[in-house]
Amino acid sequence: MALASKLCMKKSISLHASVGDKALWQQTLAGDKQAFGQLYVRFYHALKHYGRRLADDDELIEDSIQDLFLTVWQTRQSLNANAPAGYYLASALRHAINRRLMKQLTTESPSESSVWCQSSEDDYLKAEEEHHRKHLLDKALRRLSPRQQQVLHLHFFEAKSHHEIRQIMQISSQSVYNALCRSLKTLRATCV
């Protein structure tokens, strides 16, 4: 999916954490299995929706979500209890999907390679170009501050207005506008 169409999506399942989510996150990190189950149920669909923006393979996405929650449970003592659960999980999912995709590329079997070689040159070039674009976008997003990343996510992926972002992040309208403009300027400069 093209960057512009991803950024312009208006309807999204929210990864923005509520007060109840913070409590679930803190209880999970304290070892509460029931809270962990509720956290999983609360964020599963939002993470799957977000994962579909990163990869087209539902099985890979679901496996990545399972791995993510397993890792959360196994490393819960070392995780930040004050981190926003939704944003932490989304970021960790992006990394999990990227790791799985890289692993697939490096462990490709000979039969898969021969199928790859049989595909047309145009398909190969398009796939390579798309991979390059995704790499550039990911690189550009990593250059943004956490605040800029959050403003971009709220505005483009959760379709929040400047006013709603201001309330969520507890910053001025001018700060929202500035962060959004600087983020887009950085993305354009890096991706072009």
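FYI, it's all coordinate maths here, none of it is from the lab. Computed from a predicted structure; not experimentally measured. When we count neighbours, we look across all protein chains shown, and the Cβ atoms used for this are built from the backbone with ideal geometry, even at glycine.
Mind checking the dipole of region 120-192: about its Cα centre, +1 per Lys or Arg Cβ, -1 per Asp or Glu Cβ, Debye to the nearest 20?
Value, rounded to 20: 640 debye.
Going by average Cβ neighbours within 10 Å, how do the peptides 128-136, 142-150 rank, with the highest at the top?
142-150, 128-136
Could you order the peptides 81-87, 38-44, 100-106 from most to least packed, using the average number of other C-beta atoms within 10 Å per residue? Spell out each step's value before the answer.
Values: 81-87: 17.0, 38-44: 18.6, 100-106: 11.7.
So the order, starting with the most tightly packed, is 38-44, 81-87, 100-106.
Grab the other residues whose beta carbon is less than 12 angstrom from that of GLN149, score K and R as +1, D and E as -1, and report the net. Provide the component values of the computation, followed by the final result.
Working: positive: ARG94, ARG142, ARG143, ARG147, ARG182; negative: ASP138.
Taking every other residue near GLN149 into account, the sum is +4.
Relative contact order for region 17-107: what is it in percent, counting Cα pairs under 8 Å that are at least 6 residues apart?
Relative contact order for region 17-107 comes out at 37 percent.
Give me SER64, SER175, SER78, SER183 sorted ascending by neighbouring Cβ count inside 10 Å, so fewest comes first. Don't skip to the answer; put the middle values down first.
Values: SER64 26, SER175 16, SER78 7, SER183 23.
Ordered from fewest to most neighbouring Cβ atoms within 10 Å, SER64, SER175, SER78, SER183 come out as SER78, SER175, SER183, SER64.
Can you give the convex hull volume of the alpha carbon atoms of region 120-192 per residue, in Å³? Working shown, then result.
Values: hull volume 5.8 nm³, N = 73.
For region 120-192, the hull spanned by Cα atoms encloses 80 Å³ per residue.
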